[in-house]
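The values are calculated or read from the model by the stated rules, or taken from the named source; none is laboratory data. Bear in mind the structure is a predicted one, so any value in this text is a computation, not a measurement. As a convention, Cβ positions derive from the backbone with ideal geometry for all residues, glycine included, and neighbour counts pool all protein chains shown. SASA here: full protein model, heavy atoms, side chains in, ligands and nucleic acids out. Shrake-Rupley method; radii C 1.70, N 1.55, O 1.52, S 1.80 Å.
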Amino acid sequence: MNNLDVHPRTISSLKKARITDLTSLLSRSAPDIERATHLSLSDVKAVQREAALAVTRRPLTNALDMYNNVCPQEMRRHTLSLGCKILDGTLQGGFQSQGITEIAGESASGKTQLCMQLCLTVQLPTSQGGLEGGAAYICTEDVFPNKRLVQMIQHFGRTTASKINFGDNIFIEHTSDMDSLWYCLKTRVPALLNRFNIKLIVIDSVAALFRYEYSLNQTFERSKKLSLFGAYLHNLSCKHNIPVVCINQVTENMNGYTTNGAIKKTLPALGLTWSNLVTTRIVLSRTPHTLTVGHSDNSGDCIEKYETPVRAMEIIFDSHLPNNVCHYVIDQEGVKGIS
Ligand SMILES: Nc1ncnc2c1ncn2[C@@H]1O[C@H](COP(=O)(O)OP(=O)(O)OP(=O)(O)O)[C@@H](O)[C@H]1O
Ligand SMILES: [Mg+2]
């Protein structure tokens, strides 16, 4: 209150009327304050305007500024490249820097591979689709596949001709139950965000803990916790302007349902509560087709050829993208779109 740019007489009148903090100043109507303080209505409105400006966390901006990308840094949306032109093209640049992106899919569809690739692309300069920062990777299911990451880093460093030490900027946390996940998100992740330049949070996976820690008759408790969890992740994402990527399992749907004219036998786990918290839903799946790819040695020369399954990446819903599907393969270098 004392820092407001108004006449000291106004502040002392407010204090005499026991309006001593900004909350009470802003939550009461101007005529009410006028009566209590005997100030003029214009003085009350002036002090309320000053108080409103003092508590505005985000700088004021308008739609035209946002459209022209001249708004303040924290309000600019960035996209994080997936490290492949075809996949980026499907997502119109990559994953959005604000909101929760869910990657759901059956086992071995490539969810972890894709997220590991994001942990590398996030470190690239913005001119190459990165966010110039590190990644926090929270594992709740399996142990983080270190060996595979090292293999991907070798190839990624070569193809991007980058001198970044990619392995130094990926922070891996393992959590085995809900309490440790919550502790990690509330304590470890904010500490990492403050100390290191973290620009991506990955949770691999959300389904594991929520599915196994709550039984069928605890759906209400589960929904409540999921809502808290989702709101917290949205807050982290918006506050730091970074993408939060959550891997999800799929659940069998006996009757099947239709999207884009195709009948689906599986759907992302955790139900409607979680679906409503997700900003972008992407589903990965394996197709019956295969493609022959080359396996190369450390110098990049192809030493053998082998068949790998063709997989599909489908945008189920998103606020700014149309439903779309593209195909990709996984080889020793990582995840690559195919036309
Ligand atoms: N070096 C490699 N070369 C070719 N393909 C690979 C390589 N490493 C992994 N893969 C492919 O990636 C698949 C595993 O992908 P990933 O671990 O991302 O699956 P996931 O969707 O996370 O599965 P889960 O739900 O079980 O965790 C393997 O089945 C394999 O086909
Ligand atoms: Mg996995």
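Counting heavy atoms of the protein chains only and a 1.4 Å probe, report the per residue accessible area for the chain as a whole number of Å².
Details: 17670 Å² over 339 residues.
Averaged over the residues of the chain, the accessible area is 52 Å².
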- [ ] Could you work out how far helix 146-160 tilts from the main Cα principal axis of the chain, as a 0 to 90 degree angle to the nearest 10?
- [x] 90 degrees
Open item on the list: Debye calculation, C-alpha points only, no solvent: report log10 I(q)/I(0) for the range 68-219 at q = 0.12 Å⁻¹, in the same order as the q values.
Closed with: -0.55
TODO: Highest first, please rank the peptides 84-96, 209-221 by the mean number of other Cβ atoms sitting within 10 Å of their residues.
DONE: 84-96, 209-221
TODO: Starting from the Cα coordinates of the range 1-153, work out the convex hull volume and express it per residue in Å³.
DONE: 201 Å³
- [ ] Could you name the lysines whose alpha carbon sits less than 25 Å from that of residue 264, not counting residues in the same chain fewer than 8 places away?
- [x] 111, 336
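Averaged across orientations, what area in nm² does the convex hull of the alpha carbons in the range 196-252 project? Could the numbers behind the result be given before it?
On the way: hull surface 18.4 nm².
Taking the Cα atoms of the range 196-252, their convex hull projects to 4.6 nm² on average.
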Task: Using θ = phi - 60° and Karplus 6.51 cos²θ - 1.76 cosθ + 1.60, couplings along the range 25-41 (whole Hz; Gly, Pro as x) - done: 5, 8, 8, 9, 6, 4, x, 4, 5, 4, 5, 6, 9, 6, 7, 6, 4
Task: Protein accessible area in the range 3-45, 1.4 Å probe - carbon and sulfur % - done: 50 percent
Open item on the list: Could you check the spin-label model distance between residue 163 and residue 296? Points 7 Å from the Cα along Cα→Cβ, value in nm.
Closed with: 2.3 nm
TODO: Name the lysines eligible as straight-distance cross-link partners of residue 15: C-alpha to C-alpha under 29 Å, and not fewer than 8 places from it in the same chain.
DONE: 45
TODO: Find the centroid of the Cα atoms in the range 14-50 and in the range 315-339, then give the distance between the two in whole Å.
DONE: 55 Å
Task: For residue 264, distant residues with modelled amide H under 5 Å away - done: 257, 258, 259
- [ ] Taking H placed 1.01 Å from N in the peptide plane, check which residues at least 5 places from residue 317 or on another chain put their amide H under 5 Å from its amide H.
- [x] 281
- [ ] Return the sequence-ordered ³J(HN,Hα) values of the range 96-109 in whole Hz as given by the Karplus equation 6.51 cos²θ - 1.76 cosθ + 1.60 applied to θ = phi - 60°, using x for Gly and Pro.
- [x] 6, 7, 10, x, 9, 9, 9, 10, 10, x, 5, 4, 6, 7
TODO: Go ahead and run the numbers for FRET between residue 86 and residue 232, Cβ-Cβ distance against an R0 of 25 Å, rounding to 0.05.
DONE: 0.15
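Based on the mean of other Cβ atoms within 10 Å per residue, sort peptides 288-296, 121-129 so the most packed one is first. Let's see the in-between values first.
On the way: 288-296: 12.6, 121-129: 18.1.
Ranking the peptides 288-296, 121-129 by packing returns 121-129, 288-296.
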Task: residue 331 long-range amide H proximity, modeled H, under 5 Å - done: 336
TODO: Determine ³J(HN,Hα), in whole Hz, for all residues of the range 304-309 in sequence, where each value follows from phi through the Karplus function 6.51 cos²θ - 1.76 cosθ + 1.60 and θ = phi - 60°; x replaces Gly and Pro.
DONE: 7, 10, 8, 8, 10, x
Task: Alpha-carbon Rg with Dmax, taken over the chain, Å - done: 24.8, 87
